[in-house]
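Colleague: Below is a structure I'd like to ask you about.
The values are calculated or read from the model by the stated rules, or taken from the named source; none is laboratory data. Given the structure is predicted, the values throughout are model-derived calculations rather than measurements. Backbone-built Cβ (ideal geometry, glycine too); neighbour counts: all protein chains shown.
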Amino acid sequence: MSFADLGLSAEVLKAVADAGYTAPTPIQEQAIPYVLTGRDVLGCAQTGTGKTAGFTLPMIDILAAGRARARMPRSLIIEPTRELAAQVSAAFETYGKHHKLNMALLIGGESFSDQERKLDRGVDVLIATPGRLIDLFERGKILLSDVKILVIDEADRMLDMGFIPDVERIVGLLPRIRQTLFFSATMPPEIRRLADAFLMNPKEISVAPPASPAATVAQHLITVQPDDKREALRRLIRNEDVKNAIIFCNRKRDVDILNRSLLKSGFNAAALHGDMPQSKRTETLERFKEGEIRLLVASDVAARGLDIQGMSHVFNFDVPIHAEDYVHRIGRTGRAGRDGRAFTLATPEDGRFVAAIAKLIGKDIPVISLEGIGPAELSEEEGDTRHHGRRGRGGSRREPAGKREPQAREPESKREPESRHEPAARAEPRPDTGRRDERPRQPARDRGRRDGAQRPPLREAPRPITMDPEGKVTPLPRRDEHRDDLDDDRRVIGFGDHLPAFLARPPRIARG
Ligand code: AMP
């Protein structure tokens with residue numbers, strides 16, 4: 001099938017040809033004709049499948065007829081992160097270059113006044129992160145009653161980041177008669193519930209099972225002792241024909257440490273994580289996209305969904321704690337049919353994470369060995385940190401690895417997971433307290449907290465309490481009390497800051 005068969009206008013087809021696309025990807029093939037007929041679409045698709053063009057191309061044609069009124073956008077695209085929002089806006093510019101559509105990008109970390117000025121001029125396409133959109137709505141700068149097309153992108157990511165209450169609120173402000181396009185990489189029950197609530201008789205499209213990495217990515221696993229990880233990475237980078245690569249770390253602080261180590265070794269590298277100011281993040285990404293930076297050392301939250309053209313390699317300096325993150329990470333390469341290479345460094349204690357990945361993707365990651373390094377035997381026991389150089393799955397015997405940089409490895413309980421299944425409150429607390437985007441939103445019940453405390457981890461159990469006969473409540477220690485990667489102010493303690501009055505009252509005994 002060709003793009004011309006999809007029902008798109010000549011102008012859009014020209015922009016597509018200018019972008020160098022010769023044939024539609026499966027999601028484009030399936031979604032575009034339905035979007036053009038005005039049907040709701042529920043798309044189960046990851047980034048890298050071409051889904052952005054799947055909704056932007058037909059939207060451009062639909063919006064070509066009609067004019068926007070001041071402060072009343074005609075379509076709304078909600079994205080979980082600023083980077084993704086900026087990426088979609090770049091896609092609109094590329095595909096809409098032969099149209100005269102007005103677009104505004106509402107993301108945190110950018111000046112309100114510029115964004116307001118654009119809104120005042122009237123926009124056909126509004127691309128926003130939930131927090132900034134609600135801010136502007138609350139200031140009365142925007143009216144959502146004219147939105148004809150709504151796109152909710154990366155819905156599962158919104159869920160992970162605690163944005164769903166905001167998304168529900170935004171959808172409640174939109175006209176009920178509209179076209180809704182809803183995309184998510186995975187469809188857990190919570191996302192399905194939302195889709196059922198937001199969509200009317202949608203066309204369901206699923207382009208790749210959520211757990212399958214692109215077939216175009218050659219995967220490799222190297223088992224190493226913790227102290228050998230940096231040396232192994234350096235060798236891999238030197239041995240491989242690395243054009244540009246993302247190197248993933250599980251912890252933000254390791255992103256900085258590893259970046260400094262790579263710079264010291266003479267590599268062209270830069271760090272990207274959510275604690276960096278937005279301006280620095282944007283600048284770093286731009287430089288990476290432009291090819292000025294070759295190696296981007298990043299956390300999951302910062303890098304998820306980024307579309308970097310033709311990236312040759314992904315390195316997992318740490319095995320991701322959640323198997324799904326492995327698929328997302330290596331999906332940064334091998335995009336849109338291009339070949340890519342992914343290397344994962346696993347230490348003995350990573351055994352159970354490696355096993356979980358193998359289970360998810362339905363096969364073992366092929367093990368390779370690096371001369372003079374490792375291999376190490378992986379253990380699937382929790383907390384097993386045996387550091388002996390026994391023969392591992394990789395085969396060859398471990399030899400002294402020359403000059404090594406000792407690397408402190410912290411126990412699992414001290415890691416700061418930055419993955420999609422950890423709420424980003426823990427993953428990427430943002431220093432810019434005035435901004436709301438990409439910082440997890442507090443669920444409605446926690447909004448009253450003024451201490452800047454962010455959303456507690458989803459799976460964190462409430463702290464147990466005891467109550468004596470006088471009605472005095474004493475919190476008991478929780479099992480994970482020792483964890484120092486959770487700030488005190490993020491822990492749920494009983495009912496949080498609020499002690500319900502009924503608990504403080506001595507029990508009344510009814511007399512018959
Ligand atoms: P996405 O999944 O929307 O993030 O897109 C992933 C990448 O695929 C982007 O770099 C797009 O520019 C590219 N792309 C989208 N559609 C096509 C196509 N039909 N042919 C080739 N590349 C495409």
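Colleague: Would you be able to tell me the number of residues in segment 351-379 that are touching a strand residue (DSSP E or B) at 6+ places or on another chain (Cβ under 9 Å) and under 17 Å from residue 231 (Cβ atoms)?
Modeller: Residues flagged as touching a strand residue (DSSP E or B) at 6+ places or on another chain (Cβ under 9 Å) and under 17 Å from residue 231 (Cβ atoms) within segment 351-379 amount to 7.
Colleague: Checking residue 75 against (1) hydroxyl-bearing (Ser, Thr, Tyr); (2) over 26 Å from residue 326 (Cα atoms); (3) within 15 Å of the ligand (Cβ to nearest atom); (4) buried (at least 24 other Cβ atoms within 10 Å of the Cβ), which single condition isn't satisfied?
Modeller: With respect to (1) hydroxyl-bearing (Ser, Thr, Tyr); (2) over 26 Å from residue 326 (Cα atoms); (3) within 15 Å of the ligand (Cβ to nearest atom); (4) buried (at least 24 other Cβ atoms within 10 Å of the Cβ), residue 75 is out only on (3).
Colleague: Could you list, ordered by first residue, the pairs with Cβ atoms under 6 Å in which the first is in segment 125-138 and surrounded by fewer than 24 Cβ atoms within 10 Å (Cβ to Cβ) and the second is assigned to a helix (DSSP H, G or I), at least 6 apart or interchain?
Modeller: Going by the 6 Å Cβ cut-off, the qualifying pairs are 134/166.
Colleague: Please enumerate the residues belonging to segment 78-109 that are free of Cβ contacts under 8 Å to residues at least 24 places away in the same chain and crowded, with 18+ Cβ neighbours inside 10 Å.
Modeller: First, the residues of segment 78-109 that are free of Cβ contacts under 8 Å to residues at least 24 places away in the same chain: 90, 93, 100, 105.
Within segment 78-109, 105 is the sole residue that qualifies.
Colleague: Do the conditions hold for residue 88, that is, is it more than 28 Å from residue 157 (Cα to Cα) and within 14 Å of the ligand (Cβ to nearest atom)? Working first, answer last.
Modeller: Values: more than 28 Å from residue 157 (Cα to Cα): no; within 14 Å of the ligand (Cβ to nearest atom): yes.
No.
A quick yes/no check of all residues on (1) within 17 Å of residue 324 (Cβ to Cβ); (2) under 18 Å from the mean Cα position of the chain (by Cα):
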site: 146; (1), (2): no, no
site: 151; (1), (2): no, yes
site: 156; (1), (2): yes, yes
site: 190; (1), (2): yes, yes
site: 197; (1), (2): no, no
site: 207; (1), (2): yes, no
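Colleague: Turning to a different aspect of this structure: Look at segment 290-316 and say how many of its residues are over 18 Å from the mean Cα position of the chain (by Cα) and modelled with pLDDT of 85 or more.
Modeller: Residues meeting the conditions: 8.
Colleague: Quick one: would you say residue 64 is more than 15 Å from residue 105 (Cα to Cα), within 13 Å of the ligand (Cβ to nearest atom) and either surrounded by fewer than 24 Cβ atoms within 10 Å (Cβ to Cβ) or of a type outside the set (Phe, Trp, Tyr) (or both)?
Modeller: No: the conditions fail for residue 64.
Colleague: Scan (1) in contact (Cβ under 8 Å) with a residue 40 or more places away in the chain; (2) within 25 Å of residue 319 (Cα to Cα) for the single condition residue 165 breaks and write down its number.
Modeller: (2)
Colleague: Of a type outside the set (Gly, Ala, Ser) and within 16 Å of the ligand (Cβ to nearest atom): is that true of residue 341 in this structure? Explain how you work it out, then say what you get.
Modeller: Details: of a type outside the set (Gly, Ala, Ser): yes; within 16 Å of the ligand (Cβ to nearest atom): no.
No; evaluated as a whole, the condition is false for this residue.
Matching residues to (1) more than 20 Å from residue 147 (Cα to Cα); (2) among the aromatic types (Phe, Trp, Tyr); (3) away from the ligand (no atom under 16 Å from the Cβ):
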site: 14; (1), (2), (3): yes, no, no
site: 28; (1), (2), (3): yes, no, no
site: 37; (1), (2), (3): no, no, yes
site: 51; (1), (2), (3): yes, no, no
site: 71; (1), (2), (3): no, no, yes
site: 92; (1), (2), (3): no, yes, no
site: 100; (1), (2), (3): no, no, yes
site: 107; (1), (2), (3): no, no, yes
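Colleague: Residue 262 - would you say it is away from the ligand (no atom under 16 Å from the Cβ), among the aliphatic types (A, V, I, L, M) and at pLDDT 95 or above?
Modeller: Numbers: away from the ligand (no atom under 16 Å from the Cβ): yes; among the aliphatic types (A, V, I, L, M): yes; at pLDDT 95 or above: yes.
When the stated conditions are applied, residue 262 passes them.
Colleague: Based on what the data block shows, is residue 45 free of Cβ contacts under 8 Å to residues at least 60 places away in the same chain, within 9 Å of the ligand (Cβ to nearest atom) and under 24 Å from residue 327 (Cβ atoms)?
Modeller: Numbers: free of Cβ contacts under 8 Å to residues at least 60 places away in the same chain: no; within 9 Å of the ligand (Cβ to nearest atom): yes; under 24 Å from residue 327 (Cβ atoms): yes.
No, not satisfied.
Colleague: Going by the conditions given, is residue 361 within 16 Å of the ligand (Cβ to nearest atom), β-branched (Val, Ile, Thr) and at pLDDT below 90?
Modeller: Considered against the rule, which asks whether it is within 16 Å of the ligand (Cβ to nearest atom), β-branched (Val, Ile, Thr) and at pLDDT below 90, residue 361 comes out as no.
Colleague: If we only count helices (runs of 4 or more DSSP H) wholly inside segment 169-284, which ones have 2 or more residues that are of a type in the set (S, T, N, Q), within 27 Å of residue 368 (Cβ to Cβ) and out of contact with any Cys (no Cβ under 6 Å at 6 or more places or on another chain)? If you could, list the steps in order and put the result at the bottom.
Modeller: Details: elements: 189-198, 229-239, 252-264.
Per the criteria, 252-264.
Colleague: Can I ask one more? List the number of the failed condition for residue 114; all other conditions in (1) in a helix (DSSP H, G or I); (2) without any contact (Cβ under 8 Å) to a residue 60 or more places away in the chain; (3) farther than 24 Å from residue 277 by Cα hold.
Modeller: All conditions are met except number (3).
Colleague: Check whether at least one residue in segment 311-324 is in contact (Cβ under 8 Å) with a residue 12 or more places away in the chain, among the β-branched types (Val, Ile, Thr) and touching a Pro at 6+ places or on another chain (Cβ under 8 Å), and report yes or no. Steps first, please.
Modeller: Restricting attention to segment 311-324, the residues satisfying the condition of being in contact (Cβ under 8 Å) with a residue 12 or more places away in the chain are 311-324.
Okay, now just the ones that are also among the β-branched types (Val, Ile, Thr), so 314, 319, 321.
Narrowing further to those that are touching a Pro at 6+ places or on another chain (Cβ under 8 Å): 321.
So far as segment 311-324 goes, yes, one or more of its residues are in contact (Cβ under 8 Å) with a residue 12 or more places away in the chain, among the β-branched types (Val, Ile, Thr) and touching a Pro at 6+ places or on another chain (Cβ under 8 Å).
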